[in-house]
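Below: one structure, written as structure tokens.
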Amino acid sequence: MRRALLPAVAAVLLLAGPAAAENPVLDAEGDADVAAALAEAQEVQDVCYGYVLLVSDGDTGQFSGTFASSSAGPGIPASTAPGCSRGAVEVQASITYTSSFSEAEDSASWQVLSTIGGGLTIDDVERVTGAGASDLLDDGRSETVLLDAVLSLPGLASELAGLPPVVLEPNASPLPDDARATDTPGSDWLRQNGAVLGLCVVAIVAGVVLLLLSRRTPRPAGSERGSAPPRLFGPPRTGATDPRDPYRPTDPRSTL
């Protein structure tokens, strides 16, 4: 009896697929970070923000599923989040990974769901971020593209729907004891390393000048390569000499 049930159990497990699909764009830490950032915007504007990503993996099924994160927390779509009296704004994206045996290519699309008015659309998101839906297929950029799109929503809501702007909280940490205003505009790096940089420039200029002077110094006569050494003068040699050269004896056979 148990042997007869084994094939049926195996078939059910295969059809069930993976227990928890993997988000191909944002991991759990990324979802938590975006939820925390959007929660700050919700406190200021009373609007729920987030994203919903629908993935269809026709190859392995590893990434097939629906993923979401919003100001209400990871896994909660902004469109269903409670406590936002002014409405919700959500990036809804879709990615399709085709089978490796299919001739069709992977594809992606996205849109913006907004209930706050102002006519906020995905075109506004693309205008601000400079990215498109096809960039979600780039493994090296997809995470940044989705994050930029979702985090641009509060600013666009302020611009188009007249909602209060979301201002970053000022730094409350105390400054160091030696912190003071320099009252000298310009680069801090140049201000701190200007003396060393000046010495390096002086050393380089001095080296170039010495090199030019060494090339212009005249060499002593006969120091050129291949030139004959100077003839030493002395008393004439005894005996017959060549009239063309008084220091060269003549060949005795030439006098015969």
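Read-outs: derived from the displayed coordinates by stated rules, not from any lab. The shown structure was predicted, so the numbers you read here are calculated from the model rather than taken from an experiment. Note: ideal-geometry Cβ built from the backbone for every residue, glycine included; neighbour counts use all protein chains shown.
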From the C-alpha gyration tensor of segment 75-141, square roots of 5λ in Å:
28, 15, 9
Could you order the peptides 138-151, 94-107 from most to least packed, using the average number of other C-beta atoms within 10 Å per residue?
138-151, 94-107
Could you work out the relative contact order of segment 63-175, using alpha carbon pairs under 8 angstrom and six or more residues apart, expressed as a whole percent?
18 percent
Gain in span if fully extended, VAL167 to ASP33, counting 0.36 nm per residue against the direct Cα distance:
46.5 nm
If I stretch the segment between VAL205 and GLU103 completely, what's the gain in nm (0.36 nm per residue apart, minus their alpha carbon distance), one decimal?
30.3 nm
Computed P(r) (all Cα pairs; segment 18-161; 10 Å bins; percent):
12, 43, 32, 11, 2
Which percent, to the nearest 5, of DSSP beta bridges fully inside segment 18-161 are antiparallel?
60 percent
